[in-house]
1. Nearest 20 debye, what's the magnitude of the dipole of segment 17-133 about its Cα centre given +1 on Lys and Arg Cβ and -1 on Asp and Glu Cβ?
2. Taking the mean number of other Cβ atoms within 10 Å as a proxy for protection, how do you rank 12-22, 81-91 from highest to lowest?
3. Efficiency by 1/(1 + (r/R0)^6): what FRET value for Ser134 and Val10, r their Cβ-Cβ distance, R0 = 30 Å, to the nearest 0.05?
4. Give the peptides 41-47, 63-69, 124-130 in descending order of average Cβ contacts within 10 Å, highest first.
5. If I take R0 = 45 Å and measure r between the Cβ atoms of Thr31 and Gln99 in this structure, what FRET efficiency does the formula 1/(1 + (r/R0)^6) give, to the nearest 0.05?
6. Any idea what Rg and Dmax come out to for segment 2-105 if you just take the C-alpha atoms, in Å?
7. Suppose R0 equals 30 Å; then what is the FRET efficiency for Asp91 and Glu40 from their Cβ-Cβ distance, rounded to the nearest 0.05?
Amino acid sequence: MSPVVLRRAVATDAGAAADVWLRSFAAALPTVVRPRSDDEVRMYFREVVVLLRETWVAEAADRIVGLMVLDGDELSQLYLDPDWRGRGIGDRLVALAKQHRPNGLTLWTFQVNKPAHRFYERHGFVAVESTDGSGNEEREPDVRYVWRPSTPETAESTPMSAASATASRSSRSGLPSAPTPPASRPV
């Protein structure tokens, strides 16, 4: 098995990262209607996700096999190539997110994505809100999860802002709810 390296994404990773997102979304969420075309997803990755967000990739065998995007204190995207699931890459990406956001994280996932619920709960995330999906682009019921560090001193020193905890309400897939110029939009 090839070693997996986690590193910050660079501009040339955008196409491969978008392709991982597309394959992962199709495999994990077959019943969720994706409101963006493949080309729109690739453009968004190229113009926004990789350039303007804190985007990390998992690389193995000279290709991108996973990605994680942090936007403030939101873990806005975590997607793995379906062929690379179950190898601990997601665990490593969540550990990296916690390392870079030691005061806490928030994320959204769809209610139908039960494997994601189990994964995040195993990593200490707690479901704090469920919605009917009217606030996201996919119109798919969703769940907001929050992770707080276990040490009281750290948790109290810099609380997570309410604004960032409710950010990216437009889409659980990490894509903008409407076409946006390259310099704007939250994944």
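1. About 340 debye.
2. In decreasing order of mean packing, 12-22, 81-91 become 12-22, 81-91.
3. On the way: r = 37 Å, r/R0 = 1.24.
The calculated FRET efficiency here is 0.20.
4. Answer by packing, highest mean first, reads 63-69, 41-47, 124-130.
5. With R0 = 45 Å, the Cβ-Cβ based efficiency is 0.85.
6. In order Rg, Dmax, the Cα atoms of segment 2-105 give 13.0, 36 Å.
7. 0.45
Each value in this text was obtained by applying a stated rule to the coordinates, not by laboratory testing. What you see is a predicted model; the values in this text were computed from it and never measured. Because the Cβ atoms are built from the backbone with ideal geometry, glycine has one as well, and the counts that use them run over all protein chains shown.
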